[in-house]
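Have a look at the structure below, then the notes.
What follows draws every value from the coordinates through simple rules; no lab data is involved. In this text the structure is predicted, and so the values were computed from the model without any measurement. All Cβ positions, even for glycine, are placed from backbone atoms using ideal geometry, and neighbour counts span all protein chains on display.
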């Protein structure tokens, strides 16, 4: 499948984002790389997930583990993708910046920009769906979470 130029994403600079956007800092480790020292693609999905977990707790002020644990609300991924602009190497210091693309009734679309200094190295896209962990059916995003998401989206966009 060929991608035409109009469908390709363009890299952005970190300074293009609002300074209000929350970022998660991480160093690419030896064990996350292939023999050439280039970060292995699947590890980014794990890093994205870690960033999202910390974003809920540190930025939104809602304990991610209580959402899933005592509140029994799932935040599973219905869609996940990544677009790579430049390789990341062992020892690179990266920052994953979380942006909200869209808030639905039961779903949330996130964009995760990964920067090395000012340069965007890759971009992840996720759609999460709030579910009842007992029935595994989608539910409305709880009001406290919706309020925090809306506040963050308005602050960053």
Under 17 Å from a point 7 Å along the Cα-to-Cβ line of residue 16: which residues of segment 125-157 have their amide N that close?
125, 156-157
Overall form of the chain per C-alpha gyration tensor (a/c, 1.5; a/b vs b/c):
prolate
Nearest 0.05, what FRET efficiency do residue 45 and residue 71 give at R0 = 25 Å with Cβ-Cβ as r?
0.55
Helical mean residue ellipticity (222 nm; -39500 (n - 2.57) per DSSP H run of 4+; nearest 500) of the chain
-6500 deg cm²/dmol
